[in-house]
Amino acid sequence: MPYLVRGALVEYGNDFLGPLLNAVTFQFNPESLSRAIQIPTRPTGVASREVGQTGEVPVEKITFTAHFSAADQLDKGDKAARAYGIGHQLAALEKMVHPKETVNGFMAKAVDEIGKLLSNVAGVTVTLPIPRENYPRTLFMWGQMRVLPVIIESMNITEQQYDQSLNPIQAEVSLGLNVITINSYIDDTVARGALTWSNLAKDKAIENLVNTAKQGIDIIPF
């Protein structure tokens, strides 16, 4: 029996505390993926670049629906399924769209208190910028050819069934992903490595296609 490769979303850490892995493997692989490649508008006009040139790269967007069910796990007496249903899987997915909580939150509060103290002493108002928060960095893994750094742009969760404790035991999740270009992750070796791997896999597939085409040409008698 062939081994079933399951798709997954994997969040990886990017702070000084080290990588903290959060992975959600699709219980049932989506039956279909919708891929939209948005091509940048080509420049026009005398002062613009030539028609075949552009300063931007195409952006790929992926949408699909994933299904989750605790039925099999409940039949097997799985403790996590009995305690949470599929709530822990949904929570892991939701975590991927919220800013990461780090010690920066505590530091911001401390800086705010210092600012208030300085305002009282000096008699001036201290205006502090709102610190930026980092969103989780996520890989979309779909077979050997696609290991892509993505941003989750949309997530719609439909909880369909519950257990006696109102834990969700069946749900479908519609996801919209935006594939990040390599220039957007200059300082992220994981994302750059994933994109390089996926691009090499594409090049290898194209190479095989070219070889097949050459074989077809060789058998043409004219």
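Here, each number is a calculation from the coordinates, and none is a lab measurement. Model, not experiment: these values are computed from the prediction.
Of note:
- Amide H contacts of GLY7 (H built 1.01 Å from N, under 5 Å, at least 5 apart or other chain): PHE26
- Phi to ³J(HN,Hα) by Karplus 6.51 cos²θ - 1.76 cosθ + 1.60 over the stretch 69-80, Hz, x for Gly, Pro: 8, 9, 4, 5, 5, 5, 5, 8, x, 4, 5, 5
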